[in-house]
Amino acid sequence: MLDAVFGSQARVTEPRFGTDAGWRVGAIGDDAFYQTWLRLYEEYLAGPTTPIEVKRWGGDSLAAEVRPAATAAIIKHDRPFRGLSVFSEPRRLAVYLRPASEQLNIPHFEHLSKYALRVQHWRQGKLEVHGAACSYRGRGILLMGFRRSGKTTLAMHLLSRGGLIIGSDLALLASDRDWFVEAVPHMCRITRETIADNVLLERALRPFAGNRDYLKGPVFFDAKFELYANAMNIVFSRQMQVPKSRIDAVLFPRFSLDARNHSIRPMTPPQAASLVRERLLTDKPLPDWLPFTEVLQRESLQRPALERLIATLPRTAEIEFGKSNSFDWTRFDADFDGFVSGRT
């Protein structure tokens, strides 16, 4: 299960126990465990505690959270799966409980694992960004921009032409002398429009239209195909993930149906700094249901890294493109190489 979700984007090691062990995350399917914690949840609900309505993301079904203490929470989920999320901050423990008959909800397991991992990275001074990241022609690319600007569409085109994926929607930035982008294990969600405009994707995804098992390949859910690490390998018939890359270019895609040719327009340092700062401060990839203390501290924890990034940005450009026939790939590769190397 871990391999299907995380693939080569993460290294799984033996658990450590102690103050420096970080968060421990578990998924347990057991009737007795589930019923014990459900009764506890209902006891708190019957008392003076007022439940809080929460969602894992904007379009998700509502869940109900109770707080037995300031540093603990129990969240009851009814749709799209049945289960409980139990958090204990003093114990640094996050557990997903479900009845034995309830199928494990892979996306929820991913969310618990991913967010426990994220808060540790914030403590390490790493900067989180809502964007796609990939390696193309041996160069690391961070794709940023507004929602529906074409980040995933462009990334899928690059992957179809031999690129490797680091992250489809979420990435961590860290600096040594150079800036690096690191993977945060996360599903890739692809719209019908992106698929229809990519011959390889359309052909490869066709056999999975009825699949409902995330461990066996892509799943169609909420009007999008959802792919974890192993599913990406199945679709592209090769190993697709790279866990880390130096950032050679920051690209802001701009998809337009009117575009007949691609164009790469380098930004001046002030333009790039202003836009990157605006995106990092306003486009925060945070859910509203996590009881981690670090969630409230995120901005202050990441502020030093944000200021370093603004002061030392890699080359940044806007790339305009349209449907797949707007690309002359021979010219695109030459334009891309020229931009990254500083020749244009």
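Observations
- Residue pairs whose Cβ atoms lie under 9 Å apart, separated by 6 or more positions or on different chains, with the first residue in segment 169-180 and free of Cβ contacts under 8 Å to residues at least 24 places away in the same chain and the second in a loop (DSSP other than H, G, I, E, B), do not occur.
- Taking segment 151-166 as the range and being out of contact with any helix residue (DSSP H, G or I) (no Cβ under 9 Å at 6 or more places or on another chain) and not hydrophobic (A, V, I, L, M, F, W, C) as the test, the residues that pass are K151, G162.
- Residue that is touching a strand residue (DSSP E or B) at 6+ places or on another chain (Cβ under 6 Å) and surrounded by fewer than 21 Cβ atoms within 10 Å (Cβ to Cβ), where the choices are D178, D78: D178
- Neighbours by Cβ (under 7 Å, 6+ apart or cross-chain): first from segment 240-259, part of a loop (DSSP other than H, G, I, E, B); second acidic (D, E): P243/E182; S256/E320; A259/E320
- Positions within segment 68-91 being in contact with a helix residue (DSSP H, G or I) (Cβ under 8 Å, 6 or more places away or on another chain) and touching a residue at least 40 places away in the same chain (Cβ under 8 Å), in sequence order: T71, G83, L84, V86, E89
- Among the residues making up segment 263-314, those that are basic (K, R) and either in a helix (DSSP H, G or I) or modelled with pLDDT of 90 or more (or both) are R265, R277, R279, R298, R303, R308.
- Only a single item in (1) without any contact (Cβ under 8 Å) to a residue 40 or more places away in the chain; (2) surrounded by fewer than 16 Cβ atoms within 10 Å (Cβ to Cβ); (3) closer than 30 Å to Q103 by Cα is not met by P270, and it is number (3).
- Looking only at segment 81-94, and only at residues there that are over 26 Å from D222 (Cα atoms), buried (at least 17 other Cβ atoms within 10 Å of the Cβ) and in contact with a Lys or Arg (Cβ under 9 Å, 6 or more places away or on another chain), the one that is modelled with the lowest pLDDT: R92
- Filtered by the rule that a residue be within 20 Å of the chain's Cα centre (by Cα), among the small types (G, A, S), more than 26 Å from L154 (Cβ to Cβ) and outside any helix (DSSP H, G or I), segment 90-135 gives A94, G125.
- The single condition among (1) free of Cβ contacts under 8 Å to residues at least 40 places away in the same chain; (2) out of contact with any Asp or Glu (no Cβ under 9 Å at 6 or more places or on another chain); (3) under 23 Å from L170 (Cα atoms) that H108 does not meet is (1).
- Residue count for segment 32-56, restricted to those that are in a loop (DSSP other than H, G, I, E, B) and surrounded by 12 or more Cβ atoms within 10 Å (Cβ to Cβ): 4
- Residue within segment 277-285 that is under 18 Å from the mean Cα position of the chain (by Cα), crowded, with 20+ Cβ neighbours inside 10 Å and touching a residue at least 24 places away in the same chain (Cβ under 8 Å) present: yes
- Residue pairs meeting the criteria (Cβ under 8 Å; at least 6 apart or on separate chains; first over 24 Å from D337 (Cα atoms), in segment 303-318; second loosely packed, with under 13 Cβ neighbours inside 10 Å and modelled with pLDDT under 90): L306/L281
The values are calculated or read from the model by the stated rules, or taken from the named source; none is laboratory data. None of the values given here were measured: they were computed from a predicted structure. Ideal geometry is used to build each Cβ from the backbone, glycine not excepted, and the neighbour counts take in all protein chains shown.
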